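The values are calculated or read from the model by the stated rules, or taken from the named source; none is laboratory data. Keep in mind it's a predicted model, so treat the numbers as computed, not measured. As a convention, Cβ positions derive from the backbone with ideal geometry for all residues, glycine included, and neighbour counts pool all protein chains shown. When the accessible area is computed, the model is the full protein with side chains, heavy atoms only, and any ligands, DNA or RNA have been set aside. Shrake-Rupley method; radii C 1.70, N 1.55, O 1.52, S 1.80 Å.
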Amino acid sequence: GPASGSKDLEVATEKILPILSTWHTGEIDENATAADRVFAMLLCARVLILKQFVQHVPVNTGATLARRRWVLAQVLLPSLNFQDEDLFVRVLWTLRSADTQIMRSIIASTLSELTTNRNDLFPEGSWTPLFVVIDEGQVAADNLKEYFRSDIGTDMHPILREMYRFFLNTQLFTGFILSGTGLSMKMVKDAVGSVSAKNAAGSGTRVFTDIGRFTRDDSSQLDYIRRYLTLSDNNSDRRLLEHMVYWFSGRHRLTASLIELFICLENVPRHRVLTSFAERLTGFKVTDAIELEDDEPPI
């Protein structure tokens, strides 16, 4: 089934990047300029949508709940009039003619405005630490390897390094979280190592890659679920546990997101929520708990 999250990075690098006038497959030195532009588009689109999101969050919602909702909005994507493209992709396309420096200015001023004016959501104000999360990082670590030259020598590197360099140079972020199936430490080192060394003086920016994972040959996922959810030995809870492990086998982030939904919503109909969550992420019609859903209230 489809992966969770927007396809904006895929669209930016596979559809928009090749049509930019500064993208020349035979003139490698200019490709970094084109990459900067698409990454400015990506970040600007996210920030503009974040601004709308924050403006519609009721006062005194609470920072933790608002952050959870923002994460879910990026996983369970809103779309416009049931069109195939998600909201992030739609906004991304509208920025394809924008100037890179203007977009960078919009990004910085908008984030400053949000963190300064909504103290209920950003208690630390302009000092609020912000992080970039790059999921499925192994894809970016393996793409377009022959189009970007290293700062030193003639070695080539993938587009993940250009992405990291751009975000680092904005000086807006405290750290970076890189995750993905099969994302090796060598991939991470190749992508961010030389950039980090070059910008090490006074940077203080950190890169996180260990965000948790489950293995398929032990009980780590079951133990994790039981740690946070109170489950009895009745049929409903046994089936719930079985379905969580079945639909999200080995998937730490999705399991954690589902558990958060269960915890933060009072009297949540767990089977209905699990079914809706799984259907949205996989595209499959889930029918293996219909009789249990019938015993629950609507979502």
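Computed values, structure above
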read-out: Some residue of the range 88-105 being at pLDDT below 90, of a type in the set (A, V, I, L, M, F, W, C) and either over 24 Å from Leu130 (Cα atoms) or open to solvent by less than 70 Å² (accessible area, probe 1.4 Å) (or both); value: no
read-out: Given (1) open to solvent by less than 40 Å² (accessible area, probe 1.4 Å); (2) out of contact with any strand residue (DSSP E or B) (no Cβ under 8 Å at 6 or more places or on another chain); (3) modelled with pLDDT under 85, number of the condition Val192 does not satisfy; value: (2)
read-out: Filter result (open to solvent by 50 Å² or more (accessible area, probe 1.4 Å) and not in a helix (DSSP H, G or I)) within the range 28-58; value: His56, Pro58
read-out: Cβ-Cβ under 8 Å pairs, at least 6 apart or on other chains, the range 166-183 side within 19 Å of Ser126 (Cβ to Cβ) and open to solvent by 40 Å² or more (accessible area, probe 1.4 Å), far side at pLDDT 75 or above and not in a loop (DSSP other than H, G, I, E, B); value: Leu172/Ile107; Leu172/Ala108; Leu172/Leu111; Thr174/Phe131; Thr174/Arg206
read-out: Residues of the range 98-137 that turn out to be within 19 Å of Phe166 (Cα to Cα), more than 21 Å from the chain's Cα centre (by Cα), not in a helix (DSSP H, G or I) and not aliphatic (A, V, I, L, M), as a count; value: 1
read-out: Unique residue being under 27 Å from Thr61 (Cα atoms) and open to solvent by 60 Å² or more (accessible area, probe 1.4 Å) when the list is Asn235, Asn267; value: Asn267
read-out: Test: residue in the range 73-82 that is of a type in the set (A, V, I, L, M, F, W, C), at pLDDT 90 or above and either assigned to a helix (DSSP H, G or I) or touching a helix residue (DSSP H, G or I) at 6+ places or on another chain (Cβ under 9 Å) (or both); value: no
read-out: The range 269-299, residues that are free of Cβ contacts under 8 Å to residues at least 12 places away in the same chain and aliphatic (A, V, I, L, M); value: Ile290
